[in-house]
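Shown next, in structure tokens, is the structure this report addresses.
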Amino acid sequence: MSRAPVPVAVNTFREAIRDRVLYNLIFFALLMIGAAILVGQISIGIDRLVIVNLGLSAISLIGLVMAIFIGVGLVSKEMERRTLYSLLARPIRRWEFLLGKYGGLLLTLVVNTGFMTLGLAAALFYVSGPFVRTDALILVAVYFILLALAVVTALALFFSCFSSPMLSTLFTLGIYLTGCFAGDIREFGDLTQSQGMKLMSRVVYYLVPNFHNFNVIAAAAHGESIPLSLVGENTLYAALYVALLLVAASAVFSSRNLK
Amino acid sequence: MSTPAIEILGLTKDYPVGFWRKRMRRSLDDLSLTVEDGEIFGFLGPNGAGKTTTLKLLTGLIFPTCGTARIRGRSIDDIDMHRQIGYLPEQPYFYDYLTARELLDYYARFSPSSAIERRGRIAHLLERVGLASAADVQLRKYSKGMLQRVGIAQAILDDPQVLLLDEPMSGLDPVGRREVRDIIVELRKQGRTIFFSTHILSDAEMLCDRVAILAGGKLQGVGAPGEIMSLEVHAMDILFELPAGQDVPPALSENVTKIGARCRVEVPESELYAALDQLRRSQARLLSISPIRPTLEDYFLRLVQDEKPRPNQAEVTVR
């Protein structure tokens, strides 16, 4: 296996750090501190629920913003600034470059999400004291958020291989939002009389990634159990989607003229 | 017979243009040329001639519409070809959040070498391109000339056999240009092949074993700079001083330019001796006689004038 993607990934991570992307953690920390203080005063008995809900939603939203906005620039920025020229003249294949860029952003998201999870844990500890067993569900929810972010990043990277950052953002966000309501779209289609609508809703359901399945924030907040099978299914589902998107991105990018 | 350093075989590049991208504009038209091992080869032409397109085709950044090329016997599609080349893009731009040392270290990681080897080589290169004192400054604080030096350093980082340099002297002051020229000459002494495009024709004349001239995507000529220039008609330039009170001989007076006490006159080569006779009769003191050979620049300018593109000259419609 070629090691060429590794330096690209490390450099992508370094770029994110130097561009002060992780400054969002300060915002998250302030949000958690504020929420912890406020919750203690207004929500007797449901403080844990509020903190977990708020914390996981913020982790998901911040991760989503990062995945989309950095993801759509992963390739296009390098082409626009022509930093790619002296890199691709070296012995590195285009798919290796893409894999490195993807890995670098994923690493950034994992580190960022890791710190936010620590922040959430600290706020939770402050509000409801020592951890209980059901708190482990928060980690499962965070893992699912990361899986969703991995798919979103792959989508953003795929679009950034052939369209402008603005269009890539629209496409990625559009697919993400559609994917969040994939189940509803299918049910809606089943309810209509039109065969065309039925077919279209099914096509959309099977084509777009089903992000709804990755959302277990409510279950984690209420301490409801999450089946182990779902962990396996979601992992496999995300891995397959990411692999497909990266292969498609590589196919597009490998034949692209870098004018 | 040794393998040529670069073999270009009928390279053609068309770009789609227009909203439906059905029309094609030809950037490079059936280019064929060979660069021998150890040569310094200049690639000249006006803007839009196809020089950068050729270099991008050779580095695999764009793909040919037809034709192919080989570098040291390896096809440009072969990833191992990239181990043979060093490439300096035109007006290079690098990751501005990195320092020069970090950038070179990043690029060096794509070739097998230990951390110690990398460190030593990078320090040596930074010294060589005159950036040792700015090695740990972020590139966003670099001037254009400094970025060009970083570009040269990254191009020779892996000690490639063939260097493809797109306008290597661009953005450099006279000292920087001389340093780059020295590096190019030194690399040739080490047996490297240098293929570079340039607008600075004096550099090409000074450095190149051979040059190719490209205009409108087509090859106009290949040869030693002297061969190209020898195609032209020569004239002679005479610089002289006249004794006080002496007038310029009437036969020459129309073409004389006075520079202080000195006079300069340009005469056709066939009329040189007649002009000298007249100057002798006027007791002129000869300072110099030199042939006016058309420079590469003259050749180049004439080509540009001849090749003024007609609208949609190189467009073809794809069915």
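Considering region B:1-125, its Cα convex hull presents a mean projected area of 10.6 nm². All other residues whose Cβ lies under 15 angstrom from that of residue A:189 are scored, Lys and Arg at +1 and Asp and Glu at -1, for a net of 0.
Counting neighbouring beta carbons within 10 Å and listing from fewest to most, the residues B:2, B:282 come out as B:2, B:282. When all alpha carbon pairs of the protein assembly as shown are counted in 10 Å bins from zero, the resulting P(r) reads 3, 14, 19, 18, 15, 12, 8, 5, 3, 2, 1, 0 %. Dividing the Cα radius of gyration of region A:102-259 by its Kirkwood radius returns 1.04 for Rg/Rh. Bridging of residue B:13 to aspartates and glutamates at a Cα separation below 17 Å is possible for B:29, B:30, B:77, B:315, once same-chain residues fewer than 8 apart are set aside. Along its principal axes, region B:235-292 has C-alpha extents of 29, 20, 19 angstrom, given from the largest down. Among B:197, B:170, the order by Cβ neighbours within 10 angstrom, fewest to most, reads B:170, B:197. Listed from fewest to most Cβ neighbours within 10 Å, the set A:42, B:289 follows the order A:42, B:289.
Cross-link reach is defined here as a Cα-Cα straight distance under 18 Å, omitting same-chain residues fewer than 8 places apart; for residue A:77 the aspartates and glutamates meeting it are A:15, A:19, A:96, B:90, B:96.
Taking 7 Å steps out from each Cα toward its Cβ at residue A:177 and residue A:2 produces label points 3.8 nm apart. Summarising the label geometry, the points placed 7 Å from Cα in the beta-carbon direction at residue B:199 and residue A:212 lie 6.0 nm from one another. Cβ-Cβ distance of residue B:259 and residue A:257, R₀ of 45 Å, FRET efficiency by 1/(1 + (r/R0)^6): the value works out to about 0.30. Summarising the strand pairing of chain B, around 70 percent of its internal DSSP beta bridges are antiparallel.
Measuring nothing but alpha carbons in region A:99-191 and taking Rh as the Kirkwood radius, the Rg to Rh ratio lands at 1.10. Label-to-label distance, residue A:243 versus residue B:124, with points set 7 angstrom from Cα along the beta-carbon direction: 4.5 nm. Sorted from longest to shortest, the spans of the Cα atoms of region B:107-185 along the three principal axes equal 36, 29, 17 Å.
The DSSP beta bridges internal to the protein assembly as shown are antiparallel in roughly 70% of cases. Taking each DSSP H run with n ≥ 4 as -39500 (n - 2.57) and averaging over every residue of chain A yields -26500 deg cm²/dmol at 222 nm.
FRET efficiency for the residue B:280 to residue B:302 pair, using the beta carbon distance and R₀ = 25 Å, is estimated at 0.10. Calculated on the Cα set of chain B, radius of gyration then Dmax: 24.5, 78 Å.
Counting Cβ atoms of other protein chains within 10 Å of each residue's Cβ and taking the mean over peptide A:78-86 gives 6.
Computing FRET efficiency as 1/(1 + (r/R0)^6) for residue B:115 and residue B:141, where r is the C-beta to C-beta distance and R0 is 45 Å, gives about 0.95. Legend: distances between Cα atoms for A:101/B:22; B:51/B:141; A:101/B:141; pairs beyond 27 Å are A:101/B:22; B:51/B:141. Here the sum of -39500 (n - 2.57) over DSSP H runs of 4 or more residues, divided by the residues of chain B, equals -9000 deg cm²/dmol at 222 nm, to the nearest 500.
The numbers here are math on the coordinates, done by the rules we state, and not lab data. The structure presented is a predicted model; accordingly, all values stated were derived computationally and were not measured. Because the Cβ atoms are built from the backbone with ideal geometry, glycine has one as well, and the counts that use them run over all protein chains shown.
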